[in-house]
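Q: Structure below; questions to follow.
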Amino acid sequence: MQDTFGHQISYLRLSITDRCNERCHYCMPEELQTWLPRADLLTYEEILRTVRAGASLGIRKLRVTGGEPLTRRDVIPFITQLKAIPGIEDIGLSTNGTLLADLQRDGRTTAAHLREAGVRTVNISLDTLDPAAYAAVTGRDFLHKVIAGIEACHAAGFEQIKLNCVLMKAAHSDPDALPALLDFAHRQDCLLRFIELMPVTSRELLEDSSFLPTATARRLIEARTGPLIPRPGYKTNGPASYYEVPGRNQLIGFIGAMTNLHFCESCNKLRLTSDGKLRPCLGSHLEFDLRQVLRDGSDDEALKNFFLSVVARKPKEHDFRTTYLPGRHMTAIGG
C-alpha cells in the first residue's frame, strides 16, 4: 500500500484495550476513566480478520498496544494467532512494563510466554528512575515492577528491548535525571529513546512549564557525555533520530514530533483503535469506522477496499503544530 505522498504502508499498530493500570497525566490523567463498553471493543477474531486483510495488502509489522495491552485477558494466545498469519514478519509489544514479570500458571513469567508466542521486540515506558517522580507521573508506585519486567525480558531473550522516556520539565528538571536513565539503559543493554510530549490528551502539555524539547534533552545529556555522534544510517520502525554515546557502545534516540519538521517524511504506519477505528495518522482527527465494516456482513474484499480508502486519506503530516485539538485521551487511541 502506498499513500498519495509516497509513504509505503507496512506497519499496523493494534490497540487491544483502552484500559490501563497506571494514570500517566500525558495519556490518561483522570482517575475515574470511563472505559469503553465491552461490546464496543473489537473481538480478537475481528482484529485477526483485520490483520489478515492488511497482511494481504502489504502489512508486515505489527505492534500490540493499549492502554496497557497485558491487562486484556488471553493476550498471549491472541499473539500466537497473529504470528501465524501469512505475511506477518515482525510483532512488537508496547507496555508500561509493570506486568511482564508476573508469573503464569506454569511458573514462567509473562515475558517468557510473550517471547514464545512470537513477540520479537518490546517497548517499555520508563520516564524516570526516581520512585517519587515515577509515582507522580504515573499515579502508581510501580517502578520496582518495571525494573523487574525489564529483567524478565532479558531472561526471556527478546531480540531488542527499548525504553521510552517521555520528556517533561517536571520529571527531568534535575540535571542528573536524564543521564541516570542513560546509564541505566547502558547497564541493561536497552535502546533508550527520548520522546517529546504531544498534545493528544491536552494542549496544556505544550506550555513552557511542561514541554521539554529533544534539543534541550540532548544538551543536558551532552553536558555529561560530550557531543553525541549522529548515526543517520541506524533505523528502527519509528521516526527516531539516533546518536552514539561517545566512549561506549550505546545508541540513543530522539523522537521530536513537535520540533522535527521532517518527522512525518518516513511514516509507514496505520493505527487501529480498540473500538475499531482505523486512523491514518496519530496527529490527525481522521479516523474511519472499521468496526461497522466488520460487523455488517461485508466480505474480505470490502475490508481490503476499506484499508485502501483509509491509506488514500493519509495526510502528508500531522496537525500537532497547527489545528489539532484533543478529542480523546491517548489511551483510547492506542499508544
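Nothing in this text is a laboratory measurement; each read-out follows from the coordinates by a stated rule. Because the structure is predicted, anything quoted here is derived from the model rather than measured. Please note: Cβ atoms are built from the backbone with ideal geometry, for glycine as well, and neighbour counts cover all protein chains shown.
Q: Got the relative contact order for the chain handy, in percent, Cα pairs under 8 Å and 6 or more residues apart?
A: After rounding, I find 22 percent.
Q: Mind listing the long-range amide H neighbours of residue 125? Cut-off is under 5 Å, sequence gap 5 or more, other chains count too, H placed in the peptide plane at 1.01 Å from N.
A: Residues meeting the criterion, in which the H sits 1.01 Å from N, are 95, 96, 97, 164.
Q: How big is the Kirkwood radius of region 11-333, worked out from every pair of different alpha carbons and given in Å to one decimal?
A: Kirkwood hydrodynamic radius for region 11-333: 20.3 Å.
Q: What is the fewest-to-most order of 194, 78 by other Cβ atoms lying within 10 Å of their Cβ?
A: Placing the least packed residue first, the sequence is 78, 194.
Q: Per-residue HN-Hα couplings for region 238-247, Karplus 6.51 cos²θ - 1.76 cosθ + 1.60 at θ = phi - 60°, whole Hz, x for Gly and Pro?
A: Taking θ as phi minus 60°, the curve returns x, x, 5, 9, 10, 9, 9, 7, x, x Hz for region 238-247.
Q: Give me a comma-separated list of calculated 3J(HN,Hα) values for region 218-235, in order, Karplus coefficients 6.51, -1.76, 1.60 applied at θ = phi - 60°, integers in Hz, x for any Gly or Pro.
A: 4, 5, 4, 6, 5, 5, 9, 9, x, x, 6, 9, x, 10, x, x, 8, 9
Q: Given H placed 1.01 Å from N in the peptide plane, which residues other than close sequence neighbours of residue 2 have an amide H under 5 Å from its amide H?
A: Counting only residues 5 or more places away or on other chains, the set is 9.
Q: Separate question: May I ask for the angle, rounded to the nearest 10°, between helix 177-188 and the longest principal axis of the chain, with both axes built from Cα atoms and the value confined to 0 to 90°?
A: For helix 177-188, the angle is close to 70 degrees.
Q: Quick one: 3J(HN,Hα) in Hz for region 292-306, Karplus 6.51/-1.76/1.60 with θ = phi - 60°, rounded, Gly and Pro as x.
A: 5, 5, 5, 10, 9, x, 5, 7, 5, 5, 5, 5, 5, 5, 5
Q: Please name whichever of 17, 311, 166 sits farthest to the positive end of the charge dipole of the chain, dipole taken about the Cα centre and charges placed at Cβ: Lys and Arg +1, Asp and Glu -1.
A: 311
Q: Pop a pseudo-label 7 angstrom from the Cα along the beta-carbon direction at both residue 147 and residue 249 and give the gap in nm to one decimal.
A: Output for this residue pair reads 2.6 nm.
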